[in-house]
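Encoded as structure tokens, the structure appears first; notes follow it.
The values are calculated or read from the model by the stated rules, or taken from the named source; none is laboratory data. These numbers were taken from a predicted model, which means no experiment stands behind them. Here the Cβ is made from the backbone with ideal geometry for all residues, glycine too, and neighbour counts use every protein chain on show.
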Amino acid sequence: MAFEGLADRLQNTMAKIRGKGKVSEADVKEMMREVRLALLEADVNFKVVKDFIKRVSERAVGQEVMKSLTPGQQVIKVVKEELTELMGGEQSKIAVSNRPPTVIMMVGLQGAGKTTTTGKLANLLRKKHNRKPLLVAADIYRPAAIKQLETLGKQLDMPVFSLGDQVSPVEIAKRALEHAKEEHHDYVLIDTAGRLHIDEHLMEELEQVKAIAKPDEIFLVVDAMTGQDAVNVAKSFNELLGLTGVVLTKLDGDTRGGAALSIRSVTETPIKFVGLGEKLDAIEAFHPERMASRILGMGDVLTLIEKAQTNVDAEKAKELEQKMRTASFTFDDFLEQLGQVRNMGPLEDLIGMLPGANKMKGLKNLQVDEKQISHVEAIIKSMTAAEKINPEMMNASRKKRIAKGSGTSVQEVNRLLKQFEDMKKMMKQMTTMSKGKKKGMKFPFM
Ligand SMILES: Nc1nc2c(ncn2[C@@H]2O[C@H](COP(=O)(O)OP(=O)(O)OP(=O)(O)O)[C@@H](O)[C@H]2O)c(=O)[nH]1
Ligand SMILES: [Mg+2]
């Protein structure tokens with residue numbers, strides 16, 4: 001996960017000052033020295049660090065802290081607010097044109113993640129905002145670029161507009177817009193070509209596409225792993241094209257996170273989304289405040305709830321709850337629930353959003369659990385329909401068959417059966433307990 005080093009260091013520093021009943025100038029100075037090092041080590045731009053330290057220091061020795069009853073916590077609040085401000089303050093929303101379609105142009109260097117992000121954004125727009133996007137293949141230079149977008153379109157079951165690689169991107173953009181209007185698409189996402197470096201020819205062409213498509217948003221896609229380079233690239237693109245936002249990709253890797261913390265203040269362009277993996281749902285809107293909270297170990301419960309809301313089918317959740325109440329919950333239901341939770345992303349990331357999770361060392365080994373979950377899935381999938389509904393019928397030879405079919409062991413099958421049995425018992429108890437109270441029931445996995 002990105003920010004791990006920074007988060008660790010900042011949280012240690014904050015822990016030292018948190019409980020202080022009095023914060024002296026010397027305390028602040030000492031703390032700021034540590035914060036400064038932590039930020040520099042995370043590859044945050046030098047000048048950005050300098051300004052940040054100056055602002056926090058001024059506020060930390062000022063009235064708001066000195067007069068506070070809990071000066072230690074007050075200092076932490078200041079750090080959090082300034083960190084939030086650094087990353088852009090408010091969350092910036094994606095544009096909606098009052099003359100649809102809303103046009104989004106994706107630009108960036110080679111391999112930054114433009115094409116993938118185009119797919120992810122389209123997916124998000126449909127899933128979360130109920131939109132009907134059109135993907136446009138305007139990269140005619142890299143062999144197979146069009147095919148790549150078409151494959152994404154197929155995966156998403158979404159239309160892709162392309163005219164092959166013999167038509168200029170400007171013409172493609174123009175015709176795509178006409179097509180989008182005819183077909184009543186409310187969003188048009190134009191995937192453009194990348195280059196190794198910013199070159200004049202590419203920029204000229206992007207300007208022409210911009211002139212014809214009149215995009216509501218021009219998103220620069222940058223790879224967070226490139227650190228300070230990402231900041232420089234953003235600066236140049238912004239000067240040449242006038243960006244409306246940045247999408248920072250590959251934040252799932254072990255990037256130190258400096259780019260995320262510098263881009264906004266150096267380029268004055270807000271980060272609007274972050275990419276957190278190769279899968280098509282591995283994208284999140286960028287919320288400066290939530291990110292600051294995550295970095296400082298205060299958790300990001302809001303994002304967690306939102307993930308649950310977009311990925312867990314409300315109807316199905318209700319159905320499951322009903323089944324739990326009546327204890328008619330089967331292995332199939334169990335599997336489905338598991339699937340819904342997994343849809344929300346790697347468990348490790350989910351746990352990372354809980355306050356203080358960074359400090360719970362045991363949680364670092366969650367990968368093991370992911371593996372266990374796939375075993376559980378395999379075991380259930382190897383059961384017959386009758387067995388899933390009626391686990392009591394499970395005898396030694398059935399267990400053996402299931403273990404073999406799922407590539408697990410009889411012990412593992414036994415363990416799952418036992419857990420399932422316990423779970424059902426617990427459900428029964430809970431239903432009797434909450435009878436009359438009409439209390440909402442929590443799923444065991446959430
Ligand atoms: N881990 C991770 N990988 C990503 C992310 N976004 C994109 N990638 C991967 O990065 C590689 C390049 O992504 P593309 O979407 O093809 O990049 P592009 O900018 O369109 O590249 P060009 O068209 O060649 O300029 C692919 O292997 C993607 O799967 C991300 O957020 N996390
Ligand atoms: Mg591409």
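So, in the range 141-170, of the ones that are in contact (Cβ under 8 Å) with a residue 12 or more places away in the chain, more than 11 Å from ligand 1 (Cβ to nearest atom) and part of a loop (DSSP other than H, G, I, E, B), which residue ends up nearest to E284 (Cα to Cα)?
M158
All but one of (1) surrounded by fewer than 20 Cβ atoms within 10 Å (Cβ to Cβ); (2) closer than 30 Å to K174 by Cα; (3) touching a residue at least 24 places away in the same chain (Cβ under 8 Å) hold for E85; state the number of the condition that does not hold.
Only one criterion is unmet by E85, namely (2).
K67 - would you say it is among the basic types (K, R), more than 15 Å from Y187 (Cα to Cα) and free of Cβ contacts under 8 Å to residues at least 24 places away in the same chain?
On the way: among the basic types (K, R): yes; more than 15 Å from Y187 (Cα to Cα): yes; free of Cβ contacts under 8 Å to residues at least 24 places away in the same chain: yes.
Yes; evaluated as a whole, the condition is true for this residue.
Test of understanding: among T84, T116, which residue is more than 16 Å from ligand 2 (Cβ to nearest atom), β-branched (V, I, T) and within 20 Å of F286 (Cβ to Cβ)?
Only one candidate passes the filter, namely T84.
Within the range 175-230, restricting attention to residues that are of a type in the set (S, T, Y) and closer than 24 Å to N123 by Cβ, which residue is farthest from ligand 1 (Cβ to nearest atom)?
Y187
Among (1) modelled with pLDDT of 95 or more; (2) within 24 Å of L240 (Cα to Cα), where does E183 come up short?
Here E183 meets the rest and fails (2).
Regarding the range 172-190, can at least one residue be identified that is over 17 Å from M106 (Cβ atoms) and within 16 Å of ligand 2 (Cβ to nearest atom)?
No: zero hits.
Which of the residues belonging to the range 42-62 are farther than 19 Å from T267 by Cα and of a type in the set (G, A, S)?
Across the range 42-62, the qualifying residues are S57, A60, G62.
Can you say whether K127 is within 17 Å of the chain's Cα centre (by Cα), within 30 Å of L296 (Cα to Cα) and either basic (K, R) or near ligand 1 (Cβ under 8 Å from one of its atoms) (or both), as far as the supplied structure shows? Show your work before the answer.
Details: within 17 Å of the chain's Cα centre (by Cα): yes; within 30 Å of L296 (Cα to Cα): no; either basic (K, R) or near ligand 1 (Cβ under 8 Å from one of its atoms) (or both): yes.
The answer is no for K127.
Within the range 8-34, which residues are surrounded by 21 or more Cβ atoms within 10 Å (Cβ to Cβ) and either within 26 Å of the chain's Cα centre (by Cα) or touching a residue at least 60 places away in the same chain (Cβ under 8 Å) (or both)?
L10, M14
What are the pairs, 6+ residues apart or on separate chains, where a residue within the range 382-393 that is at pLDDT below 90 has its Cβ under 7 Å from a residue that is surrounded by 12 or more Cβ atoms within 10 Å (Cβ to Cβ) and not in a helix (DSSP H, G or I)?
Correct list of pairs: K388/T330; I389/T330.
Are any of the residues in the range 88-111 among the acidic types (D, E) and farther than 30 Å from K279 by Cβ?
No.
I'm trying to understand the selection: among the residues of the range 235-257, which are within 25 Å of K279 (Cβ to Cβ) and either over 19 Å from the mean Cα position of the chain (by Cα) or not β-branched (V, I, T) (or both)? If you could, list the steps in order and put the result at the bottom.
Narrowing the range 235-257 to residues within 25 Å of K279 (Cβ to Cβ): 245-257.
Result: G245, L248, K250, L251, D252, G253, D254, R256, G257.
Quick one: in the range 141-167, of everything that is away from ligand 2 (no atom under 11 Å from the Cβ) and of a type in the set (V, I, T), which residue is nearest to the chain's Cα centre (by Cα)?
Step by step, filter the range 141-167, then rank; the result is T151.
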